[in-house]
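**Q** Structure provided below as structure tokens; questions to follow.
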Amino acid sequence: MVRWWRSAGGGLRSLLSNPPSASHPSLQSQASLYHTIQAIPREFTGNRISAKDRAQGRIPAVVFAQPPPENSPKPTGRYIARKHLLTTERKQIQAILNSIELPYFCSTTFPLQIRAGSGSSVLLESGNVLPVKIHRDEESGKILNLVFVWADEGSELKVDVPVTFKGEDVCPGLKKGGHLNKIRTSLKYLCPAEHIPPKIEVDISNLDIGDRVCLPDVKVHPSLKLLSKNDVMPICKIVATKLETPEPAGV
């Protein structure tokens with residue numbers, strides 16, 4: 001059995017236990033500095049071909065241009081031609097996932113270089129990409145396929161950005177025994193490729209029981225456009241913990 005691991009809005013869960021510390025560079029900086037994904041073209045598709053690639057330590061992948069937003073000009077020939085069937089090195093992808101937690105992997109852009117062959121110095125195409133899907137084997141957890149979209153500067157991409165929470169250790173409502181009800185684990189934005197946030201951080205350090213954080217309370221880059229029809233739905237709220245009612249003692 002297999003499972004599609006999507007960006008956070010599709011139900012991602014982290015396989016890694018140690019998130020980057022505050023002393024580390026930002027997630028986007030890590031990607032730019034250390035992780036230029038190397039890929040080579042693949043001419044054929046199919047289960048047997050893909051299984052052979054995986055046995056050789058490679059992961060089948062595809063990169064294409066994300067369809068433009070509604071009311072935008074129709075795709076051009078270049079838009080269509082930029083779809084490539086690829087394979088990537090399993091070791092490199094795993095190294096990236098070891099340094100950037102899985103929920104943030106699908107909201108972080110990476111440089112991609114497509115070379116003529118393994119070890120070749122001939123560069124066929126390059127540019128920034130955004131991972132949008134990780135196809136995993138449901139039983140073993142091994143990565144089966146990857147899906148990327150081009151993230152050219154100036155382009156706009158729909159991104160499910162993970163939501164994280166800070167201030168739980170000092171939150172007045174939690175100190176009183178309240179419970180943090182996390183209503184939204186991600187928010188979908190239309191983002192310029194150069195301003196994709198790896199995560200949205202919600203501060204709950206001043207919330208008391210009954211308080212909530214709603215979408216208008218979240219501060220993001222002004223170029224981001226929220227893609228939500230229900231902008232009054234809270235992201236989280238502090239609720240009172242219900243005490244269990246003891247069973248009546250026997251007579």
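The values are calculated or read from the model by the stated rules, or taken from the named source; none is laboratory data. Keep in mind the model is a prediction, meaning the values are calculated, not measured. Ideal geometry is used to build each Cβ from the backbone, glycine not excepted, and the neighbour counts take in all protein chains shown.
**Q** Given the criteria part of a loop (DSSP other than H, G, I, E, B) and of a type outside the set (Ser, Thr, Tyr), does Gly177 qualify?
**A** Taking the combined requirement at face value, the residue satisfies it.
**Q** Ok, one more. Sort through Val232, Val213, Val147 and tell me the only one that's under 22 Å from Arg42 (Cβ atoms) and either assigned to a loop (DSSP other than H, G, I, E, B) or touching a strand residue (DSSP E or B) at 6+ places or on another chain (Cβ under 8 Å) (or both).
**A** Answer to the check: Val147.
**Q** Right, here's the next one. Would you mind telling me which numbered condition in (1) part of a loop (DSSP other than H, G, I, E, B); (2) under 26 Å from the mean Cα position of the chain (by Cα) Val159 fails?
**A** The single condition Val159 does not satisfy is (1).
**Q** Of all residues in segment 201-219, which are aliphatic (A, V, I, L, M) and modelled with pLDDT of 95 or more?
**A** Correct list: Val202, Ile204, Leu207, Ile209, Val213.
**Q** Hey, can you tell me all the residues within segment 143-183 that are over 21 Å from Pro198 (Cα atoms), free of Cβ contacts under 8 Å to residues at least 60 places away in the same chain and either of a type in the set (D, E, K, R) or not assigned by TED's automatic domain parsing to the domain that holds His195 (or both)?
**A** Hits for segment 143-183 are Asp169, Lys175, Lys176.
**Q** Which numbered condition trips up Val161, out of (1) at pLDDT 95 or above; (2) over 30 Å from Lys91 (Cβ atoms); (3) surrounded by 12 or more Cβ atoms within 10 Å (Cβ to Cβ)?
**A** (2)
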